[in-house]
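Below is one structure, written out as structure tokens; the observations come after it.
The values are calculated or read from the model by the stated rules, or taken from the named source; none is laboratory data. Quick caveat, the model's predicted, so the values are computed rather than measured. Note that we place each Cβ from the backbone using ideal geometry, even for glycine, and neighbour counts take in every protein chain shown.
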Amino acid sequence: MKFRYAAAGALLLATVLHAAEHRLAASPETVVIGNYWSESKPVLTIQSGDTVTIETVGTASVAALERLNVPADQIPESLRAITKAKLDRGPGGHILTGPIFIEGAEPGDVLELRIEKITLPVPWAYNAFGPTSGFLTEDFKTRFSKVIPLDRERMRANFAPGISVPLHPFFGSMGVAPPAAAGRINSAPPGIHAGNLDNRNLVAGTTLFIPVHVKGALFQVGDGHAGQGDGEVDITGLETPLIGTFRFVVRKDLHLTWPRAETPTHYIVMGTDEDLTVAAKVAVREMIDFLVTTRGLSKEDAYSLSSIAADFAITQLVDGKKGVHGMIAKSIFQ
């Protein structure tokens, strides 16, 4: 049985067959800066099964890009317009396109987010850290920033002479509104709403499953990366604007506490917490629950298989709440 649950296949097919396609550009009218919140006003309303192609503008400021001599015609006009607008901000700093209201999504449901396509609209990425950011603040006391050229044909980042890094574009932040009682939360720490997971495995062709906490889910996306390593230790990856195409499906047959994901080859569970050990325990318990509920294993066998066949990795160390994800290969299930 797949995580998507074969029993729901006919319903999902019917949903997709009646789907519409939408486009959502980034503009001062269609972004939220620095928060996920149940009271944010939707900028687009869609039906379950619809696809939306969404523009995001990244995290680097216009001033920083100009200081680093990025050509004027390579700085998105949408970022310039958002920068000039007097927008409500905070408490975090991410520019997130949305929110999108998905009809039929109710608290207790799961939003199935199929990441169908991701494109790189500009030939550069940005990396930066400062004395109060990153994992090693005691070691690095000055500000640093650089622009890294992207070869979009070869899908490589030219980091330095003799150093070429493969690209795997993904959105660092994809999430829904938290429960109303949480209020307006900072966009930086990930959590049960997903948000700033910074999980480099969530590339095109993968699916993210997010618990829904408020009516309509209120999905937002941003923090584009052309690539990143597990850990994101200096607080940024290959930061860049991205354009993504997503299919949204409301799942009333699934019920989750934490976000999960599925790639063509693996199932992924996730945990976050201020304490890395606690985040790891959440991820391991999520893997056990996944194996018990979808594979029919006893809790003891699920714990055993998690040790034998699952890989647990540090997702990121720098977002207020640290992240741990566990991956188990589909190929072991015959």
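Go through segment 123-151 and give me each residue that's more than 30 Å from PHE209 (Cβ to Cβ), in a loop (DSSP other than H, G, I, E, B) and of a type outside the set (Gly, Ala, Ser).
Result: PRO123, PRO131, THR132, LEU136, THR137, GLU138, ASP139, PHE140, LYS141, THR142, ARG143.
Of these, ILE148, ILE210, which one is under 21 Å from GLY323 (Cβ atoms) and modelled with pLDDT of 95 or more? Lay out the reasoning, then the answer.
On the way: ILE148 fails: under 21 Å from GLY323 (Cβ atoms).
None of the other options fit; the residue is ILE210.
This table checks each residue for (1) exposed (fewer than 14 other Cβ atoms within 10 Å of the Cβ); (2) more than 16 Å from the chain's Cα centre (by Cα).
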site: ILE268; (1), (2): no, no
site: THR272; (1), (2): no, no
site: ALA280; (1), (2): no, yes
site: TYR303; (1), (2): no, yes
site: ILE332; (1), (2): yes, yes
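Tell me whether segment 101-118 contains one or more residues that are touching a residue at least 60 places away in the same chain (Cβ under 8 Å), surrounded by 22 or more Cβ atoms within 10 Å (Cβ to Cβ) and in a loop (DSSP other than H, G, I, E, B).
yes
Is it the case, given these coordinates, that THR59 is surrounded by fewer than 20 Cβ atoms within 10 Å (Cβ to Cβ) and β-branched (Val, Ile, Thr)?
Details: surrounded by fewer than 20 Cβ atoms within 10 Å (Cβ to Cβ): no; β-branched (Val, Ile, Thr): yes.
Taking the combined requirement at face value, the residue does not satisfy it.
When you scan segment 165-207, how many residues do you find that are in a loop (DSSP other than H, G, I, E, B) and either within 12 Å of the chain's Cα centre (by Cα) or of a type in the set (Ser, Thr, Tyr) (or both)?
Counting residues in segment 165-207 that are in a loop (DSSP other than H, G, I, E, B) and either within 12 Å of the chain's Cα centre (by Cα) or of a type in the set (Ser, Thr, Tyr) (or both) gives 17.
Give segment 62-77 a look and list any residue that's closer than 25 Å to ILE118 by Cα and surrounded by fewer than 17 Cβ atoms within 10 Å (Cβ to Cβ), or say none.
ALA64, PRO71, ALA72, ASP73, GLN74, GLU77
Answer with yes or no whether THR236 is polar (S, T, N, Q), within 23 Å of VAL43 (Cβ to Cβ) and surrounded by 22 or more Cβ atoms within 10 Å (Cβ to Cβ). Full working, then the answer.
Numbers: polar (S, T, N, Q): yes; within 23 Å of VAL43 (Cβ to Cβ): no; surrounded by 22 or more Cβ atoms within 10 Å (Cβ to Cβ): yes.
Spelling it out, it is not the case that THR236 is polar (S, T, N, Q), within 23 Å of VAL43 (Cβ to Cβ) and surrounded by 22 or more Cβ atoms within 10 Å (Cβ to Cβ).
Quick check on my filter: what residues within segment 293-334 are under 18 Å from PRO190 (Cα atoms), touching a Pro at 6+ places or on another chain (Cβ under 9 Å) and not in a strand (DSSP E or B)?
ASP319, GLY320, LYS321
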